[in-house]
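Below is one structure; the comments refer to it alone.
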Amino acid sequence: MDKKTLTFASIAAIVFALDQITNIIVERAKPSLDLGILSIDYTTNTGAAFSMFQGKNMILTLLSVIVIAAIIYVIFFSKDKGKISKGIVFFSAFLFGGALGNLADRLIYGFVIDFIDFGFWPAFNVADIAITSGVIRILYLLYKE
């Protein structure tokens, strides 16, 4: 396995594992903890970010599969894969691991488990953090190039 593949697989696996472990803990404990500016509250979401597209679980599941397949194709099978920067590979792994985590939730539970809540922002989870940071950094790196 080359270094790019190992880096991608390792980061994606860590993101996926952190998301699933935290979701399992939250799903079992169903906490409601007020930590000042932040609350840890078990919530479910059948929609996408910001609770858009509520009840569209099948469409969002299909979209997750498409995103995951597109990332695999671009990183490993596209004719330009050798030109992809290490940074884009690195942050694509965040996006991949997060998308896989939310996909697993949709397939296992029929919804995504969210638990990080700032009160003024919709609740989110580890996968959402990885997806958002991955997309922002990829767009930034593409803009720089």
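The values are calculated or read from the model by the stated rules, or taken from the named source; none is laboratory data. Everything numeric here is computed off the predicted structure, so don't read it as measured data. All Cβ positions, glycine included, derive from the backbone under ideal geometry; neighbour counts span all protein chains shown.
Can you go through Ile37, Ile116, Ile68 and tell me which one is assigned to a helix (DSSP H, G or I) and not charged (D, E, K, R)?
After applying the criteria, what remains is Ile68.
Quick one: Tyr109 ticks every box in (1) within 21 Å of Thr22 (Cα to Cα); (2) modelled with pLDDT of 95 or more except a single one, so which number is it?
The single condition Tyr109 does not satisfy is (2).
Taking only pairs six or more apart or across chains, which ones have beta-carbon atoms under 6 Å, a first residue in the range 103-122 that is farther than 23 Å from Val65 by Cα, and a second residue that is in a helix (DSSP H, G or I)?
These pairs meet every condition: Phe115/Val26; Pro122/Phe50; Pro122/Ser51.
Out of Gly101, Gly110, report the one residue that is of a type outside the set (Ser, Thr, Tyr) and in contact with an Asp or Glu (Cβ under 6 Å, 6 or more places away or on another chain).
Exactly one residue qualifies, and that residue is Gly101.
Exactly one of (1) within 25 Å of Ser10 (Cα to Cα); (2) touching a Leu at 6+ places or on another chain (Cβ under 7 Å); (3) in a loop (DSSP other than H, G, I, E, B); (4) not aliphatic (A, V, I, L, M) is unmet by Phe53. Its number?
(1)
Results for (1) at pLDDT 90 or above; (2) surrounded by fewer than 16 Cβ atoms within 10 Å (Cβ to Cβ); (3) outside any helix (DSSP H, G or I); (4) within 12 Å of the chain's Cα centre (by Cα), shown as yes or no for each residue.
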residue	(1), (2), (3), (4)
Ala9	yes, yes, no, no
Ala17	yes, yes, no, yes
Asp41	yes, no, yes, no
Leu95	yes, no, no, yes
Leu103	yes, no, no, yes
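Within the range 125-145, how many residues turn out to be touching a residue at least 40 places away in the same chain (Cβ under 8 Å) and either assigned to a loop (DSSP other than H, G, I, E, B) or not β-branched (Val, Ile, Thr) (or both)?
Number of matching residues: 10.
When the residues of the range 116-145 are filtered to those that are farther than 15 Å from Phe90 by Cβ and of a type in the set (Gly, Ala, Ser), which remaining residue is nearest to the chain's Cα centre (by Cα)?
In this case the residue turns out to be Ala127.
Name the residues in the range 45-93 that are buried (at least 18 other Cβ atoms within 10 Å of the Cβ), polar (S, T, N, Q) and within 15 Å of Leu139 (Cα to Cα), would you?
Ser92
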